[in-house]
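The values are calculated or read from the model by the stated rules, or taken from the named source; none is laboratory data. Remember, predicted model here, so these are calculated numbers, not experimental data. Every residue, glycine among them, receives a Cβ derived from its backbone with ideal geometry; neighbour counts consider all protein chains shown. These accessible areas exclude ligands, DNA and RNA; they are computed on the full protein's heavy atoms, side chains included. Shrake-Rupley method; radii C 1.70, N 1.55, O 1.52, S 1.80 Å.
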Amino acid sequence: MSKTATLEFDGKKYEFPVTVGTENEIGIDIKKLRGEAGLITLDPGYKNTGSCESAITFLDGEKGILRYRGYAIEDLAEKADFLEVAYLLIFGELPTKEQLSKFTNDIKEQSHVDEEMKKILDGFPKSAHPMGVLASLTSALIAFNPSSVDVSSEEDMYKAIVKILGKFPVLAAWTLRKKNSLPLNYGDEDLGYVENLHKMMFEKPNKTYKVDKAVIDALDKLLILHADHEQNCSTSTVRMVGSSHAGLFASLSAGISALWGPLHGGANQAVIEMLERIKEDGGDTHKFMQKAKDKEDPFRLMGFGHRVYKNFDPRAKIIKKSADEVLGQLGVEDPVLDIAKGLEKEALEDDYFVKRKLYPNVDFYSGIIYRALGIPVEMFTVMFALGRLPGWIAQWREMRLKKEPIGRPRQIYVGESHREFKPLGSR
Ligand code: CMC
């Protein structure tokens with residue numbers, strides 16, 4: 001294969017090196033394009049732009065493959081637990097027993113936040129969306145942990161990483177406790193990471209905390225499935241903010257805000273709201289399919305379609321199977337599960353969806369499981385953020401260790417050319 005690509009423009013030829021990835025993905029390295037030819041590439045939404053070389057996550061949208069550090073998502077979801085996967089994503093290898101034990105203990109050491117943080121939480125109205133509160137509290141953590149801001153050595157990065165992995169579940173749980181008017185708690189460090197998260201979210205002040213293993217296993221699996229997805233909107237945001245050396249917590253706070261949107265992580269909330277709406281409307285899935293296809297109607301089938309997956313989303317396959325299992329194990333019957341299956345069946349046979357290669361994505365069935373686990377709809381995207389945290393951290397760390405330059409895209413200006421200023425009186 002040729003090691004260069006040639007561009008011909010205005011009668012001149014320019015040669016650019018080509019980068020080939022492990023899985024034979026090919027990128028034309030256009031770093032010198034502007035310097036040599038005075039041109040830039042134009043790609044709104046970065047649909048076809050590689051922003052980095054990364055060794056963390058591989059996904060093949062045509063074949064429906066997703067791997068973290070080379071390991072298939074199906075294997076990890078089945079055989080690993082969330083902290084093992086977090087370690088794998090961040091440090092590149094599955095941990096040994098000793099490594100996992102140290103990592104877990106270091107995180108536990110950090111599983112509390114400054115008491116003053118409670119005052120900040122107190123200032124939010126109860127009606128505040130948990131994602132907004134979580135982004136704000138993550139940002140506020142910086143003030144109480146200033147040594148985590150300007151980190152460049154691997155050792156300081158490690159300290160910042162275990163801090164946020166310890167504190168983030170506390171903040172996430174508190175956003176729910178605030179909504180539910182429950183006293184703030186710190187869980188129990190003898191419990192595993194996911195069980196402790198669950199305890200912090202749901203423990204009642206007058207009741208001994210007990211949890212079903214099926215609930216923790218389901219939650220663990222969901223967190224793993226959400227843990228990384230290469231250069232998506234929130235991850236690119238984390239890398240972009242981190243590229244200015246703004247620090248890990250500030251970068252994560254920006255990532256949370258990006259994830260909140262209904263076209264990204266917010267889709268899991270939007271899916272359940274949509275399914276409820278269909279149910280209340282009488283359950284006519286066909287009517288809503290027609291709405292989704294109507295270009296005059298802003299309605300989209302939430303939980304369908306993906307920028308990269310043009311075959312199927314492997315996470316959706318695992319989650320759909322898990323939804324059946326978890327609801328069965330917990331003895332929960334949710335009529336929206338049938339509506340979801342009906343919609344999926346119809347969409348997979350519909351020309352509009354088939355032509356555009358629109359398949360259920362990770363968010364289509366996840367909300368149904370969250371709901372069966374007793375998690376309120378407004379917390380769904382917070383659960384996504386909890387899962388995505390190690391991925392964001394891994395991507396931020398990779399970017400900083402590779403000393404990547406500050407992210408700063410170019411543009412093609414299409415506004416007014418120079419014009420004379422008119423004073424207020426003569427406009
Ligand atoms: N319902 C109806 N039509 C759709 C949908 C949908 N959910 N998704 C895409 N389309 C159509 C779209 O109108 C366009 O049609 P046309 O070619 O006639 O203009 C075509 O399919 C291509 O869509 P696009 O918006 O150009 O594709 P994109 O890669 O920019 O967007 C997406 C991907 C995920 C934002 C989009 O599919 C979508 O809005 N889906 C619903 C929201 C959702 O479920 N988001 C979660 C994504 S997965 C988890 C995550 O990343 O957080």
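Each Lys or Arg adds one and each Asp or Glu takes one away; over the other residues whose Cβ falls under 15 Å from the Cβ of residue 409, this sums to +4.
What does the net charge come to around residue 97 if you take all other residues with beta carbon closer than 14 Å to its beta carbon, with K and R at +1 and D and E at -1? It works out to a net charge of -3.
Taking every alpha-carbon pair under 8 Å whose residues sit at least 6 apart, region 228-354 reaches a relative contact order of 20 percent.
Region 56-90 and region 344-384 have their alpha-carbon centroids 20 Å apart. Cα centroids of region 397-427 and region 163-238: 40 Å apart.
When only Cα pairs below 8 angstrom with a gap of at least 6 residues are kept, the chain shows a relative contact order of 20 percent. When each of the peptides 36-42, 353-359 is scored by the mean number of other C-beta atoms lying within 10 Å of its residues, the order from highest to lowest reads 353-359, 36-42. Over the C-alpha trace of region 235-274, radius of gyration and Dmax come out as 12.1, 39 angstrom. Shown are 421, 103, whose ranking by accessible area with a 1.4 Å probe and every protein chain present, most to least, is 421, 103.
Loop-resident GluC sites (Glu not before Pro) (DSSP state other than H, G, I, E or B) in region 378-424 with no more than 11 further Cβ atoms inside 10 Å of their Cβ: 416, 420. Given +1 at the Cβ of Lys and Arg, -1 at the Cβ of Asp and Glu and no other charges, the dipole of the chain around its Cα centre is 1060 debye to the nearest 20. GNM, the chain, Cα, under 10 Å: largest mean-square fluctuation among 146, 298, 376? Highest fluctuation of the listed residues: 298.
Highest average first, the peptides 322-330, 230-238, 218-226 ordered by how many other beta carbon atoms sit within 10 Å of their residues are 218-226, 230-238, 322-330. Across 49, 104, 138, mean-square fluctuation computed from a Gaussian network of the chain (C-alpha pairs under 10 Å connected) peaks at 49. By the Stokes-Einstein formula, at 0.692 mPa s and 37 °C, region 66-210 with its Kirkwood radius over alpha-carbon pairs has D equal to 198 µm²/s. Principal axis extents of the C-alpha atoms in the chain (largest first, rounded to whole Å): 78, 66, 56.
Comparing 149, 133, 18 in a Gaussian network model of the chain where C-alpha atoms under 10 Å apart are linked, the largest mean-square fluctuation is found at 18. For region 212-278, the residue among 247, 267, 214 whose Cα projects farthest onto the positive side of the dipole built from Cβ charges is 247. Taking all protein chains together and a 1.4 Å probe, the residues 97, 47 rank 97, 47 from largest to smallest accessible area.
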